[in-house]
Ligand SMILES: Cc1cc2nc3c(=O)[nH]c(=O)nc-3n(C[C@H](O)[C@H](O)[C@H](O)COP(=O)(O)OP(=O)(O)OC[C@H]3O[C@@H](n4cnc5c(N)ncnc54)[C@H](O)[C@@H]3O)c2cc1C
């Protein structure tokens, strides 16, 4: 029971659940095993309007708010972790950066095809030498006539193997601190832009993660998002809201693990009765459900603050760090309840156990979330 949600959000969740059970869950093991982007599943999300959820209706988006997206992501994440990561990256990172910071012209150019899922978005911040410390970006961007020229490398970029539109963060002036960082939109096929697949991920294996290389890559100046030097603020703002969606994804991972553990506890027998009759198992299930609900409340609060246009940075960080780590504990207990069966592929809990791990790393590690929270608690402490 989720009395948090409005009638509309319950309807969205029901639609997402039906799609997830029918189209995502049966193919999730195959997506994981083959490390292949879920093309048909993405098309299905597009048909339901989910690829444009939260995106401005004036530019072809589906509208809706972050609580709507949260309701959908919990259902998608419960069935297929990869598909939930693909959707978050496409909507809350890639499309939202243009939706929120693009000019009217830029939005008209890129948003309609992204919202309908005809094109796929990616968000490129991380580099080989810097992830958490975005001020350390070394990808350069210099002016040359009507163009900018980019040189550098990005790493671990989700959706990159299939994406058409990339928001790339670059350093225009290393001496200017955060004011040196800019954001620019890059399209697949731009000369000097290459994409090298990165295989061998532990989880979320169908996301087509890749390295991006820019070798004297020319991009028209009109592709710049916001002001020159405004990129750091854009990245922080987008990550602040998108990490609420990572928390929602973790609700899905936790729900998937809990559902599997409940079913197994009812049917698996040991010492003459179903293991669900043993108090040790019952208590594990109770703790899993309690943590999942606590995570849901934190996530709903963060999403509500965001939707109301209120400050939400610390609350988003709390939701992300708690929901991701709770999903880890839930997946661990679900695997324990499955005994040896849970340890072998293609077990649902084995896949969730692996998929969950990165939620403590991407869009800001757990340590970075704790920094955000503690900074808000302590304020500026004089030396
Ligand atoms: C599967 C996957 C998909 C990803 N997708 C994307 C994507 O689409 N786009 C993108 O731009 N990036 C993406 N990333 C990158 C991800 O966001 C970074 O890996 C993450 O931000 C951490 O950066 P790092 O790996 O460089 O670790 P580092 O920043 O080098 O951190 C290493 C360790 O030091 C800790 N640490 C760092 N600074 C501090 C500090 N000040 N205080 C305490 N501890 C600290 C970290 O918490 C971590 O434990 C993805 C990563 C993965 C694994």
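FYI, it's all coordinate maths here, none of it is from the lab. Quick caveat: nothing in here was measured; it's all calculated off a predicted structure. Note that we place each Cβ from the backbone using ideal geometry, even for glycine, and neighbour counts take in every protein chain shown.
Key figures for this structure:
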quantity	calculated
Debye equation applied to the C-alpha atoms of region 7-120, log10 I(q)/I(0) at 0.12 Å⁻¹	-0.39
Helix-only CD estimate at 222 nm, as mean residue ellipticity for the chain, using -39500 (n - 2.57) per DSSP H run (n ≥ 4)	-15500 deg cm²/dmol
Between region 99-176 and region 199-242, the alpha-carbon center distance in angstrom	4
Region 270-323: relative contact order in percent, alpha carbon pairs under 8 Å with at least 6 residues between	31
Relative packing of 90-96, 104-110, which averages over residues the other C-beta atoms within 10 Å, highest first	90-96, 104-110
Most mobile listed residue (180, 340, 192) in the chain, GNM with C-alpha springs under 10 Å	340
Equivalent ellipsoid semi-axes - Cα gyration tensor, region 120-206, angstrom	23, 17, 10
Most to least packed among 200-213, 362-375 [average Cβ atoms within 10 Å]	200-213, 362-375
Among 288, 69, 11, residue whose mean-square fluctuation peaks in a GNM of the chain (springs only between Cα atoms under 10 Å)	11
On Cα atoms only, tilt of 366-378 relative to the major axis of the chain in degrees	80
Residue with peak Gaussian network fluctuation, the chain [Cα springs, cutoff 10 Å], from 64, 145, 136	145
Which of 232, 343 has the fewest Cβ neighbours within 10 Å, and the rest in rising order	343, 232
Theoretical gain in end-to-end length, residue 14 to residue 104 [0.36 nm per residue, Cα-Cα removed]	29.0 nm
Spatial extent of region 232-378: Rg and Dmax, with the Cα atoms as the point set, Å	17.1, 61
